[in-house]
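Here the structure is laid out as structure tokens; the discussion comes afterwards.
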Amino acid sequence: MAIRHFLQFKDFSRGEFEHLFARAAWIKAKFKSFETYHPLFDRHLAMIFEKNSTRTRLSFEAGMQQLGGSSIFLSTRDTQLGRGEPVEDAAQVISRMVDAVMIRTFEQDIIERFAANSRVPVINGLTNEYHPCQVLADIFTYIEHRGSIAGKTVAWIGDSNNMCNTWLQAAEVLDFNVHVSTPPGYEVEPERAGLFGQDHFEEFADPMDAARGADLVTTDVWTSMGFEAENEARKKAFADWCVDADMMRAARPDALFMHCLPAHRGEEVEAAVIDGPHSVVWDEAENRLHVQKALLEYLLLGKVEAK
Ligand code: CP
Ligand code: NVA
């Protein structure tokens, strides 16, 4: 079987996502009932971090161990990657020693080059362009709370960043709609987002209009990692793109609120929203663990059927 990678959301088909969501539910239920499940005994995941992380590191590290394998944490600060070793050479070497690699880095091109030279599956743990593991967890969380996301409307309020791009790809693969509202100058770039077309999203100048009638309202930090030099300019530009209680009232009464975290209360979201009744952010964070275990199982063992 050819090696599969998960570098962006559209790398998988709708059928594959249906399998992953079913497996994530099964794996989660087993975990919650304290039943051991060790399909990845003696399998090892290398995790390369070029940016900070709490959830991604913890969920992959705990997840591999819970599946019977192990993980190895590498950062650019203390590997030869930080001293200019070509990414292609690093991929050749690292992928001869482990069974899978997870990478958090800057440009998508870096992870694509690594994958092109890897003997084992490569997983995107966040790049400037995409964050597919997070949206996998978000959609699984939506399904748990509300059922299928097909045909629903997701409102994206804020920066057209890696999370926004990934939501837009997911909408194309899983057939739902995204209402996007960004400040002027921060609009979606369809080519950078890697979209097939423009059928699954609509842009709104006013964030209230984007939120109107939405089934899910979601946002993210105004300044993503790697863009810190733009922080002051972004604070001014994004001041009106804060998800507040009025915005949630414009959405459907049963709308969910999500945020990939970490959050800045008082900037992209009001405390009353993220800590309020619509918010499912803690389930969303926890589900990183369960969906990524399903992803690791799929990439390393193929389609395991429920026992
Ligand atoms: N949401 C997310 O990826 O969090 P971390 O940056 O803590 O990994
Ligand atoms: N868009 C954010 C997500 C952090 C998990 C960033 O890239 O910093």
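The values are calculated or read from the model by the stated rules, or taken from the named source; none is laboratory data. On a predicted model such as this, the values are computed, not experimentally measured, just so you know. Note: ideal-geometry Cβ built from the backbone for every residue, glycine included; neighbour counts use all protein chains shown. Ligands, DNA and RNA are excluded from the accessible area calculation, which covers all protein heavy atoms including side chains. Shrake-Rupley method; radii C 1.70, N 1.55, O 1.52, S 1.80 Å.
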If the reach is capped at under 25 angstrom between alpha carbons, list the lysines near residue 293, excluding any in the same chain fewer than eight residues apart. 10, 28, 30, 32, 51, 303, 307
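Test of the criteria: in the range 220-249, which chymotrypsin sites (Phe, Trp or Tyr not before Pro) are in a DSSP loop and have at most 15 other Cβ atoms within 10 angstrom of their Cβ? Display every interim value, and only then the final one.
Numbers: sites: 222, 227, 238, 241; in loops: 222, 227, 238, 241.
When the chymotrypsin sites (Phe, Trp or Tyr not before Pro) of the range 220-249 are filtered for loop state and at most 15 Cβ neighbours within 10 Å, 227 remain.
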What does the accessible area per residue of the range 121-237 come to in Å², with a 1.4 Å probe and no ligands, DNA or RNA counted? 35
Theoretical gain in end-to-end length, residue 112 to residue 205 [0.36 nm per residue, Cα-Cα removed]: 30.1 nm
Leaving ligands, DNA and RNA out of it, work out the accessible area of residue 142 with a 1.4 Å probe and give it in Å² to the nearest 10. 10
Share of the range 185-307's accessible area from carbon and sulfur, percent, 1.4 Å? 51
Let me spell out the model: positive unit charges on the Cβ of Lys and Arg, negative unit charges on the Cβ of Asp and Glu, origin at the Cα centre of the chain. What dipole size does that give, in debye rounded to 20? 1260
Top mean-square fluctuation among 279, 13, 160, Gaussian network model of the chain, C-alpha springs under 10 Å? 13
Taking 60-67, 143-150, 23-30 and ranking on average Cβ neighbours within 10 Å, highest first, one gets 60-67, 23-30, 143-150
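Restricting things to alpha carbons, find the Rg to Rh ratio for the range 70-215 using the Kirkwood radius for Rh. Let's see the in-between values first.
Working: Rg = 17.8 Å, Rh = 16.9 Å.
Rg/Rh for the range 70-215 comes to 1.05.
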Can you run phi through the Karplus equation (6.51, -1.76, 1.60; θ = phi - 60°) for the range 192-205 and list ³J(HN,Hα) in whole Hz, with x for Gly and Pro? 5, 6, x, 8, 7, x, 10, 6, 9, 9, 9, 9, 10, 5
Of the GluC sites (Glu not before Pro) in the range 229-307, which ones lie in a loop per DSSP and count no more than 11 other C-beta atoms within 10 Å? 305
Straight-line reach from residue 235: which aspartates and glutamates fall under 20 Å, measuring Cα to Cα and dropping same-chain residues less than 8 apart? 159, 187, 206, 220, 244, 267, 268, 270
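So what's the chain giving for Cα Rg divided by 2.2 N^0.38 Å, two decimals? Before the final figure, lay out each step's value.
Values: Rg = 18.9 Å, N = 307, 2.2 N^0.38 = 19.4 Å.
That ratio works out to 0.97.
Please report, largest first and rounded to whole Å, the three semi-axes of the ellipsoid equivalent to the range 22-143, where each semi-axis is the square root of five times an eigenvalue of the C-alpha gyration tensor.
Details: eigenvalues 137, 57, 30 Å².
Semi-axes, largest first: 26, 17, 12 Å.
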Taking Lys and Arg as +1 and Asp and Glu as -1, residues besides residue 155 with C-beta under 9 Å from its C-beta add up to 0
Compute, for the range 111-216, the length of the dipole vector about the Cα centre, with Cβ point charges of +1 (Lys, Arg) and -1 (Asp, Glu) only. Units Debye, rounded to 20. 460
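Please give the charge dipole size of the range 1-129, origin at the Cα centre, charges +1 on K and R Cβ atoms and -1 on D and E Cβ atoms. Round to the nearest 20 debye.
Working: 17 positive and 16 negative charges, 94 e Å.
Result for the range 1-129 is approximately 460 debye, rounded to the nearest 20.
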Rule-of-thumb check for the range 15-79: C-alpha Rg over 2.2 N^0.38 Å? 1.28
